[in-house]
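Notes for the one structure printed next.
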């Protein structure tokens, strides 16, 4: 990144010219398709009918009456979106010129500006070693600049405590009472126990998991002897990456983590957008938009997505 860390205006102006204009034309008019189920007030309950959106099934009523019931909503014109931002030390990692934190900043800038350009409101919750910052939801370009500035000007967190996304998600559930669009932006390097509060949050809100990662976290090349540092705790260890057996074990462990993460997000009923430090942001978001559109069409045709085959626990 060539911009000064204290120059959110330059960052936003660059992204408005290079990214936001392209995406605005591509997704304009499709917000209800891409982010359906937010900005809604419950109006009534009725029995499920063919072509109903399965996302509106009320599982508690369905379980009591043994017949599928759906919620009917009055839809607001405006959207309220919240960014739950994991800004713990592990997001400062990047094997190249771009760190996961920079990817997070650009993603939040782009989505926040896309939403506020159409009169919607955005807010944010920041997590370091706890939920330490709440930015109320507001509209407008000036508010987006304020959000970027707060992200970029945060001090480095003390490495004495590990990340606990479960605590963060439980706090977010308490602080966002009205149904909203929620982006959870994290690398999901965390203490265990976060899938259940994520599923709980997804029962109230439309939650999209934005998973940050660096290719080096998946596949370790032959770089000889290395000193590596745990991004969360600061602990340092020596690794012999010339050892082919070690690299295979590393890749296998990374694949197991990937499978467990994807299963946890699927079980929570949450779609995931994966953002790598070497990805093109526009292409990634457009691929995700296409996925959401196709999934919405399947749901509208009466086909039940995998994570709706049973009631969330």
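Bear in mind these aren't lab numbers, they're just calculated from the coordinates by the rules spelled out. All of these numbers come straight from a predicted model, not from anything done at the bench. Neighbour counts are summed over all protein chains in view; Cβ atoms, including those assigned to glycine, are modelled from backbone coordinates with ideal geometry.
Peptides 80-89, 130-139 ranked from most to least packed by the mean count of surrounding Cβ atoms within 10 Å: 80-89, 130-139. Inter-label distance, residue 132 to residue 278: 3.2 nm, where each label sits 7 Å from its Cα along the C-beta direction.
Quick check: residue separation of residue 51 and residue 255 times 0.36 nm, minus the Cα distance between them. What number comes out in nm?
Extra length available between residue 51 and residue 255 comes to 69.7 nm.
Applying 1/(1 + (r/R0)^6) with R0 = 45 Å to the Cβ-Cβ distance of residue 61 and residue 142 gives a FRET efficiency near 0.55. Between residue 95 and residue 178, the contour length at 0.36 nm per residue exceeds the alpha carbon distance by 26.0 nm. Take the alpha carbon gyration tensor of region 98-163, find the square roots of its eigenvalues, order them as a ≥ b ≥ c, and report rounded if a/c is under 1.5; if not, report prolate when a/b exceeds b/c, else oblate. Taking the square roots of the gyration eigenvalues as a ≥ b ≥ c, region 98-163 is prolate.
The calculated FRET efficiency for residue 18 paired with residue 291, based on their beta-carbon distance and R0 = 22 Å, is about 0.40.
Modelled label positions at residue 266 and residue 149, each set 7 Å beyond Cα in the direction of Cβ, lie 4.5 nm from each other.
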